[in-house]
Structures are given as structure tokens and as C-alpha cells.
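Following: one structure in C-alpha cells, then a few remarks.
The values are calculated or read from the model by the stated rules, or taken from the named source; none is laboratory data. In this text, all values refer to a predicted model and were calculated from it rather than measured experimentally. Positions of Cβ are generated from backbone atoms using ideal geometry, with glycine treated the same way; all protein chains shown enter the neighbour counts. Heavy atoms of the whole protein, side chains included, go into the accessibility calculation; ligands, DNA and RNA do not. Shrake-Rupley method; radii C 1.70, N 1.55, O 1.52, S 1.80 Å.
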Amino acid sequence: MKKSFRTLDDVDVKGKRVLLRVDLNVPMEDGHVSDATRLERIAPTIGEISGKGGKVILLAHFGRPKGRDPSQSLKPVAAALALVIGKPVAFAEDCVGDVAARAVGAMQDGDILCLENTRFHKEEEKNDPAFVAELAKLGDIWVNDAFSAAHRAHASTEGLGHKLPAYAGRTMQTELDALGKALDAPTHPVIAIVGGAKVSSKIDLLENLVTKVDALVIGGGMANTFLHAQGVGVGKSLAEKDLAATALRIIAKAETANCAIILPVDAIVATHFAANAPSRAYGLDAIPADGMILDVGPQSTARIHAAIDDAATLVWNGPLGAFEMSPFDRGTMVAARHAAERTKANKLISVAGGGDTVAALNQAGVSGDFSYVSTAGGAFLEWMEGKPLPGVEVLKAKGA
Ligand code: AMP
């Protein structure tokens, strides 16, 4: 299939200064990287460009500094990256100006240099043209390997793509390929599972999905809003009763688009919101007025199981219940393990993303068994909402 964006297959990087936008926003504890997953993900792109004789100049933001702030420096992250890739990573104390220019000027082919936090300059987030021009002076081409920052039109995530020949890095390419198979050109039937706390944060996402998927499972707290809108008494459960009209509109839109909406048919109801709170399953006509729905019930779990069996492609965001608290993780764990089994049996393409969803799949021990798990929070959600991502769009526009 012809790609709609350019990749490292389309450019000879030998001898070139490659401005490589990566995600170095790793969790830190006491000045040390506590989870190197993001560094491991970008290692192949860095290794490939360096191995082919390109000069790898890493650009990234870290945290949300207001101006220069030593506690938000990328220096310790660069040191951790060197350990992950097993190669030296030089560091420059600024991402523009003389300091950066001298560091880049000293590079040999194959060298790797990390520039300081782009957000030390407020012009980064403003996508300021003069700042973009300063960055562009340091490179011959721009490679974007940071899908997780692609929903932002910042200087290093988007602006550079208008100034320099632009390419997707291998991590970005893998993510775009996986997401493309899930929603853009999927194998049907496609099922989406959407859960989580609230409808209000996912209205755009639900409206987009009903036009693209064949079946939409709604679980978690947000299902209560839909059930309430349909006249079900949900007791003391989390529900956004003021969004009843929105819920009904989404159901109507799904009907028009021939998308089956699969709502819970029973629920695990507890007396209060706490781990191991006394609980039992109820049918929807019998939810106690003082009860709280904290998970989908056994019949709902069986329906979701069957819906996964009927699907060729699954897209998942949001837990089906309050999965952080036992036993209200059950619906989410059962669905996650079943989707993983179907994927391993080559019956399902499964793509999941979002912070809580990744945590839930890790808890189920199945992250490695899904076809693709995206760790990009905001960018993944905006992709599910069907919004164009500036950092991806710019890759389509410009090449060598
Ligand atoms: P989100 O960030 O919107 O995906 O929401 C995830 C959160 O929704 C998790 O912390 C879950 O504990 C919570 N959640 C899921 N189902 C329920 C429910 N029935 N009642 C209250 N919270 C829930």
C-alpha cells in the first residue's frame, strides 16, 4: 500500500544533520528515569539514522517549564538514553543559538546529540516562525518520531516540517500503520470499546466512532449516563444526568450509521466507592436507589465477549469499570484477556490506547499480546476523535 507520508525509506541520511523530534517525556524519580519505555521505543530510529551515518540531533520537550528551569533539564534523560541505546549521547545546554550551533558543528557522521528542553523557550509552544528558523538552521532534514506530541502544532512538532524536508521516524511509522489498520482502512467488522469515567470528556470520540465502527461497546461510568437517558434508575452511580440529550443524540446517530450500540444489561453494584466494598450483580430494572454501579455485570461481560468474537478489528479506550479497585476490575480484565487471546489466535487486530487503558492492560498482563498499544495519551484520543494531528499532517505535505 502506498504510504501517505514519507519515511526513512525515502531519504539517504548519510552525512546529513537530522533534527529528530522524539518523546523524552519520561517519568522521573529522584533525578533518575523510573520507566524507560519511551526511550526503548525511539531506540530503533536513533540506531538506524546513526548506523547509516546521519548526525542525530534530538529535539524534545520535558514537562511544562515556565522558562529555563534546571529541574526540567533533559540532561539526565540523555544519560539514560545512552544506556538504553548503548552509544554515547552528547548534550547541549540549549536547543538554539551558539551553544547548539557549536555542538552540532562538532558532530561526526553517526554521532548522537541531545539538545536541551525545547520548552525552555516560550516560542516553542507558540510555533514562533523566528524560533522555527533558528531550529531549522541546525539541520538538513526533520524526522518526527513523536506521535504522542503530534496533536500539538509547536515549533519542534510541526513548524519545522514547513521549513525542512519532513519524514516519519520508525516509531511514528509503526504507530500510524497500526492506527490506520484500526480505523482508517480496517478489516470489518470493527468493534470499539469505550469506557472510563465520563461522557463529557469523550463526546467527540463517541460521535466519530459511531460513523466508523460496526459495533460500539459503552462501559464504565459513562454507560450510566446512557442508561439514565434511557430511563434506567442508576441510584447513586456516577452519571452526568445533564448529558442525557447528548447520549440520546449519539444513540440516534449510531442508528443512522448502522452502528450497534452495546450497553450494559446488568451491573455490579456496591454500597460505596471503595475496594472490596460489599457488592452484587443486579439487573437494570433493580438497581438499588442507594447503590453505585462500579462494573459491568456477568451478562454484560458475556455479551462483550461475544461481540469481541464477532469482530475482526478492535479499538479500545477506557476501562469498563473502576478497575483500580478489586473486584470492580473484573469486566475490564475478562474483556482484555479475551481480546488478547483472539489476537494471539490471529482472529483479531487489537489496538488500544490512553493512560488508564494501558494501565488496565498491564494489570491484566496482556499489553504485549495486543496488536498495538499506544502510550500517546492526548494524541491517541484526538486520533480517535477523527481530528487531524498537525504533526502528522505536515509529514504528508513535505518531502525531499
Ligand atoms: P477515563 O480517564 O475517562 O478513561 O476514566 C477512567 C476512570 O474511570 C478510572 O479511574 C475508573 O476507575 C473510572 N470508572 C470506570 N467505571 C466507573 C464507574 N462505573 N464508576 C466510577 N468510576 C468509574
Exercise. Using the structure shown, decide if D35 is within 29 Å of K181 (Cα to Cα) and exposed (fewer than 13 other Cβ atoms within 10 Å of the Cβ).
Key: yes
Exercise. Mind telling me which of the residues A245, A270, A239 ends up being crowded, with 18+ Cβ neighbours inside 10 Å, touching a helix residue (DSSP H, G or I) at 6+ places or on another chain (Cβ under 9 Å) and not acidic (D, E)?
Key: A239
Quiz prompt | Residue satisfying condition, being surrounded by fewer than 23 Cβ atoms within 10 Å (Cβ to Cβ) and touching a residue at least 60 places away in the same chain (Cβ under 8 Å), within set D145, D128, D140 | solution = D140
Exercise. Pull up the range 331-347, narrow it to residues that are within 29 Å of H151 (Cβ to Cβ) and open to solvent by less than 10 Å² (accessible area, probe 1.4 Å), then point me to the one that is nearest to the ligand (Cβ to nearest atom).
Key: T332
Quiz prompt | Residue check for P288: away from the ligand (no atom under 14 Å from the Cβ) and open to solvent by 20 Å² or more (accessible area, probe 1.4 Å) | solution = yes
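For (1) open to solvent by 10 Å² or more (accessible area, probe 1.4 Å); (2) in a helix (DSSP H, G or I); (3) out of contact with any Lys or Arg (no Cβ under 6 Å at 6 or more places or on another chain); (4) in contact (Cβ under 8 Å) with a residue 24 or more places away in the chain, each residue gets a yes or a no:
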site	(1), (2), (3), (4)
A101	yes, yes, yes, yes
M107	yes, no, no, yes
A133	yes, yes, yes, yes
R152	yes, no, yes, yes
E158	yes, yes, yes, yes
H162	yes, yes, yes, yes
I193	no, no, yes, yes
L206	no, yes, yes, yes
V210	no, yes, no, yes
Exercise. Answer yes or no: is there a residue in the range 289-299 that is in the same structural domain as H228 (by TED's automatic domain parsing), in contact with a Pro (Cβ under 7 Å, 6 or more places away or on another chain) and among the hydrophobic types (A, V, I, L, M, F, W, C).
Key: yes
Quiz item: Of all residues in the range 13-56, which are of a type in the set (D, E) and free of Cβ contacts under 8 Å to residues at least 40 places away in the same chain?
Solution: E29, D30, D35
Quiz item: Filter the range 292-330 for residues that are of a type in the set (S, T, Y) and within 16 Å of the ligand (Cβ to nearest atom); which is most open to solvent (accessible area, probe 1.4 Å)?
Solution: S326
Quiz prompt | Every residue from the range 165-191 that is acidic (D, E) and crowded, with 24+ Cβ neighbours inside 10 Å | solution = E175
Quiz item: Looking at the range 242-275, which of its residues are within 14 Å of the ligand (Cβ to nearest atom), charged (D, E, K, R) and farther than 24 Å from A311 by Cα?
Solution: none
Practice problem: Would you confirm whether any residue within the range 348-359 is open to solvent by less than 10 Å² (accessible area, probe 1.4 Å), away from the ligand (no atom under 14 Å from the Cβ) and within 30 Å of V11 (Cα to Cα)? | Solution: yes
